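First up is the structure itself, then whatever we jot down about it.
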Amino acid sequence: MTDAAADGQGTVADPIPARRGRLHHRFVTPEAIYGTILFCAVLTAAEDDADDFHLMVNGLLASLVLWFAHVVAMTVARHGSRDGRETGIRAAVTEGLHHSTGVLIGPAIPLFFLVFGAFGVVDEDVAYWLSIGSGVAVLVVLGILSCRERRVPWPLSLAGGLAAGAAGFLAVVIKATLLE
């Protein structure tokens with residue numbers, strides 16, 4: 001073992017393989033986490049009589065607004081001169097677009113389940129709960145992946161994933177409560 005916890009010397013863990021690292025850094029991002037939480041919060045905060053089609057549209061629109069805001073924020077923050085390095089507007093927009101994809105990737109699975117209810121493939125209530133449940137499951141998986149990248153042992157990675165899912169669920173409940 002080469003991780004810091006195993007050798008006590010504070011050494012850095014062996015790097016993860018390049019391909020897996022690129023995938024990990026594309027999906028396990030703060031943006032994916034807030035995209036998932038926002039989407040699920042929109043669902044839970046909706047009126048009780050809202051149908052899945054309207055939930056799907058509202059969740060998708062909220063995700064798009066958050067994504068756009070994130071792209072704009074990244075562009076404004078990155079554009080200009082920093083540490084003697086000039087970043088042009090095109091490079092800043094490109095970085096903002098790349099950095100913000102998680103906002104749209106995060107809610108993809110919950111959205112997928114909601115589409116089934118919106119178009120009558122499954123019962124709307126079933127689709128709604130599958131969507132909420134899959135959102136929490138996405139957060140659990142993201143938490144596990146984040147821990148595993150740091151070479152945290154599996155039992156602790158599972159606990160970290162469950163903690164991430166619970167924290168996300170709590171954030172959804174708080175957001176939904178404040179919106180009602």
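Quick notes on this structure:
- Listed residues Ala73, Ala171, Ser63: farthest to the positive end of the dipole of the stretch 30-179 (Cβ charges): Ala73
- For the stretch 30-179, a simple Cβ point-charge model (Lys and Arg +1, Asp and Glu -1, everything else neutral) yields a dipole of about 980 debye relative to the Cα centre.
- Net lengthening on full extension, Leu162/Ala77 (0.36 nm per residue, minus Cα-Cα): 27.3 nm
- From the largest down, the stretch 30-179 spans 57, 40, 29 angstrom on the principal axes of its Cα atoms.
- Amide H partners (placed H, <5 Å) of Thr87, local residues excluded: Gly80, Ser81, Arg82
- Paramagnetic label zone (point 7 Å from Cα along Cα-to-C-beta, Val141; backbone N under 19 Å) in the stretch 94-121: 101-117
- Potential lengthening of the chain between Asp48 and Leu170 amounts to 42.0 nm, from the contour at 0.36 nm per residue minus the alpha-carbon distance.
- Each of Cys147, Cys40 was scored by other Cβ atoms within 10 Å of its Cβ. Arranged with the fewest first, they read Cys147, Cys40.
Only the coordinates and a few stated rules stand behind these numbers; no lab work does. This is a predicted model, so every value here is computed, not measured. Every residue, glycine among them, receives a Cβ derived from its backbone with ideal geometry; neighbour counts consider all protein chains shown.
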